[in-house]
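Okay, so here's the structure we're looking at.
The values are calculated or read from the model by the stated rules, or taken from the named source; none is laboratory data. Only a predicted model underlies this, so the values are computations on that prediction, with no experimental measurement involved. Positions of Cβ are generated from backbone atoms using ideal geometry, with glycine treated the same way; all protein chains shown enter the neighbour counts. For the accessible areas, the whole protein counts, side chains as well, though only heavy atoms, and no ligand, DNA or RNA atoms are used. Shrake-Rupley method; radii C 1.70, N 1.55, O 1.52, S 1.80 Å.
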Amino acid sequence: KKSTVDLFLRDVIARKETGSLPPIHLINGSSFMYIRHSNLYLVAATRCNVNPLLVFEYLNQTVRIYSAFFTSRKPFEEKHLRKNMTLVYELMDECMDNGYPQITAIDVLNTYINLAGGTKALESDPYERGQLTSQITGAIDWRREGIRHRKNEVYIDVYENVNLLMSSTGQILRNEVDGKVIMRTYLTGMPECKFGLNDKLIMEKEDQEKQSSSGEITNLQDQNRKNVELDDCSFHRCVRLGKFDVDRTITFIPPDGEFELMRYRISENINLPFKIVPAVQEEGKSR
């Protein structure tokens, strides 16, 4: 009699139909949730009623962690896992505790796991152990206290992909922009950064509130000023979502080093960067 794992291997992996099948497979009362990375399958199995979004987020975070430890954030392959099985067990032990995700911050894992094979300084220093425990169990586990840099620097990179679907007659069927904001921060202490999607929006809102408080009549069009329309956006966990919902400002205490601040999608008010006009010239069969 084949085990449940063997049935999953036969029904999903052996068929090589990833993408055409749902990422959740139910076999003998066990739920298998999986993603594919290169030629590898990352699978989570459970018999309980769990949150599937939490599981898939953990699997994607696992890909990001393995890429950072094995190939410096480049896509890793099966050979990297075979060469670093001891490190894989260490990462799994730190990232999950009794079936619950625990630590997925790469900088915190670097503090725990020593790739050089030497003795950790925190093993003999009680103060370092206390600092690490406070960082993991505190409200800001993505940044430790006491960071110092000779020069405070912040780098911001915005990457955008324009997707366009156009008919043969030139009519735009669908257009959208997928973007992400990558930051590199080298700041001393525990700084609080604040970004606004558009400074003019805040100024107009303050002027509108002043006019309303002074008894002046505001135009209906002024009250319905358009904000920066984001159809879908996701933030790093350091961002205070409550502040963004109130005044549309991105407030956060950044991790030290490089991280992805946010992803977004826009589908309105998109100007096409260029147009493609086909020119076909038919030639006769004879010379």
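Quick notes on this one:
- Inter-residue pairs, beta-carbon under 6 Å, first closer than 14 Å to LEU197 by Cβ and in the range 223-246, second open to solvent by 90 Å² or more (accessible area, probe 1.4 Å) and at pLDDT below 85, 6+ apart: GLU229/GLU268
- Total residues in the range 95-110 satisfying the condition of being charged (D, E, K, R) and either at positive phi or in a helix (DSSP H, G or I) (or both): the figure is 1.
- For first residues located in the range 264-281 and touching a residue at least 40 places away in the same chain (Cβ under 8 Å) and surrounded by 14 or more Cβ atoms within 10 Å (Cβ to Cβ), partners that are charged (D, E, K, R) and in a loop (DSSP other than H, G, I, E, B) and lie 6+ apart or on another chain with Cβ distances below 9 Å form the pairs TYR264/ASP231; ARG265/ASP231; ILE266/GLU229; ILE266/ASP231; SER267/GLU229; SER267/ASP231.
- Candidates in the range 44-57 are the residues that are within 24 Å of SER234 (Cβ to Cβ) and open to solvent by 80 Å² or more (accessible area, probe 1.4 Å); of these, the one that is nearest to the chain's Cα centre (by Cα) is GLU57.
- Pairs are defined by a Cβ separation below 8 Å, a sequence spacing of at least 6 or placement on different chains, a first member in the range 43-64 that is under 16 Å from VAL12 (Cβ atoms), and a second member that is assigned to a helix (DSSP H, G or I) and acidic (Asp, Glu); no pair meets this definition.
- Members of the range 158-186 found to be in a strand (DSSP E or B) and over 22 Å from ASP231 (Cβ atoms), listed by number: MET183, ARG184, THR185, TYR186
- Filter result for MET92 (free of Cβ contacts under 8 Å to residues at least 40 places away in the same chain, outside any helix (DSSP H, G or I) and among the hydrophobic types (A, V, I, L, M, F, W, C)): no
- Test: residue in the range 36-43 that is closer than 22 Å to ILE106 by Cβ, open to solvent by 60 Å² or more (accessible area, probe 1.4 Å), modelled with pLDDT under 85 and of a type in the set (S, T, N, Q): yes
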